[in-house]
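Heads up: the structure comes next, in structure tokens.
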Amino acid sequence: MISYLDRVVMLIPTSPTVLLPIIPSGPPLANAPVHANSSSSTIAATGPGGAKPKRSAASIVYPTMLLLVADAFRQRVPRTDHVKDGMKYRNVFNGPEAVDRITHIIKMTDRNLVLLFTRALDVQKFFHEVTYDHRLRDSIVELYEFRMIWERGVSTGAVAEVEEESRLPSGVFTLLVDCYGPTCSRDQLCYSIVCPWHLEQQEIDCYRPLCLQEAS
């Protein structure tokens, strides 16, 4: 039987310019907060000067889909035992380990942007701070663990606390979404008035006269 994750992967286009038909709600906002409900999350933000963020290399998975990044993150993040405030926590990771692993998965060069992306996973309770005090912080003293559930062993009947693997975050990180047009590229833009690359080019054209005026 094909799993839900496999079906999502099958729906993802192979061309880097073809995106899923999920339309962001409203224009991008700088440093916008994470908005999440019980099933989905959306981020809206822009880079410096309205420019789209840049990747250092090809991402491991489709980087706008929280579900795919979350699954790759669970498989790759290192989990060890740590001591905090005299308490020993098993199979946990700290803030920089989480941000570093997401950076490796989506191949983004902006650490602040990666921190926003990682918090989009945190806000859906994919993982949490061990004392439930706050959201994800890029600090080595803050420890995090995946959501746990209680399960009863089939053979022994014993109850144990294990990681919940059935539920993954869902939603789209809209800052990484490009134009939805299959033929649109940065070299040859489409004619849509809402094309993100077209809007970006308009901003550049608007700033160029100001830059030339300041230079003269």
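Coordinate-derived values only; no laboratory data. Small disclaimer: the values here were computed from a predicted structure and weren't measured. With ideal geometry, Cβ positions are generated from the backbone for all residues, glycine too; neighbour counts draw on all protein chains shown.
What ranking do LYS88, LYS125 get, fewest neighbouring Cβ atoms within 10 angstrom at the top? Don't skip to the answer; put the middle values down first.
Values: LYS88 9, LYS125 14.
Placing the least packed residue first, the sequence is LYS88, LYS125.
Note the full-extension length gain between ASP110 and HIS198 as 0.36 nm times their separation in residues minus their Cα-Cα distance, in nm to one decimal.
Working: separation 88, 0.36 × 88 = 31.68 nm, distance 2.25 nm.
Residue separation times 0.36 nm, minus the Cα-Cα distance, leaves 29.4 nm.
Hey, rough spin-label estimate for CYS190 and ARG135, points 7 angstrom out along Cα→Cβ, what's it come to in nanometres?
3.1
Hey, what do the phi angles of region 74-89 turn into as Karplus ³J(HN,Hα) couplings, whole Hz, using 6.51/-1.76/1.60 and θ = phi - 60°, x for Gly and Pro?
Ordered by residue, 3J(HN,Hα) equals 4, 6, 10, 5, x, 10, 9, 8, 9, 10, 9, 6, x, 9, 9, 10 Hz.
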